[in-house]
Amino acid sequence: KAVQDASKKCRKRYMGGVPFSVDILPYWNKIEAWKLLQNMHKGRNVKRQYLKRSLRKAQIEDRLYTLTEVNQELTNAWKRYRRIKKSAKLLRPNWLEQKA
């Protein structure tokens, strides 16, 4: 009951309707890192330090990737994210209970 009351009073972030959980975060970090690598290959400005930090967070090796590798890995990362996203509503209460 106390967790539900606290959750209602907290600031809400509307991020695609996916409840936040630490279990989902690694999947999202991988998507962000692969998107940065894709943007770098497309010639967009990507700060190197930001890219390195994102790769480290996503536990991806910092090396040169071809554009086809990046696109394939990004597609796989999205598939994994969509699969775990279905259980996000179940993971959120578990995370709140661990935090409390």
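Return the residue satisfying two criteria in turn: it lies in the range 42-59 and is in contact with a Pro (Cβ under 9 Å, 6 or more places away or on another chain) and part of a helix (DSSP H, G or I), and of such residues it is most open to solvent (accessible area, probe 1.4 Å).
Selected residue: Lys57.
The condition of being at pLDDT below 95 and of a type in the set (Gly, Ala, Ser) does not hold for Ala33.
Screening Thr66 on (1) closer than 26 Å to Val18 by Cβ; (2) over 14 Å from the mean Cα position of the chain (by Cα) shows it passes everything except condition (1). Filter the range 1-30 for residues that are in contact with a helix residue (DSSP H, G or I) (Cβ under 6 Å, 6 or more places away or on another chain) and modelled with pLDDT of 90 or more and give the result. Residues satisfying the conditions are Tyr27, Asn29, Lys30. Each residue in the range 68-84 was checked for being of a type in the set (A, V, I, L, M) and at pLDDT below 95, and 1 pass.
The values are calculated or read from the model by the stated rules, or taken from the named source; none is laboratory data. Computed from a prediction, not measured in an experiment: that's the story for all the values here. Note that each Cβ is placed from the backbone with ideal geometry, even for glycine, and that neighbours are counted across all protein chains shown. Surface accessibility is based on the protein's heavy atoms, side chains included, excluding ligands, DNA and RNA. Shrake-Rupley method; radii C 1.70, N 1.55, O 1.52, S 1.80 Å.
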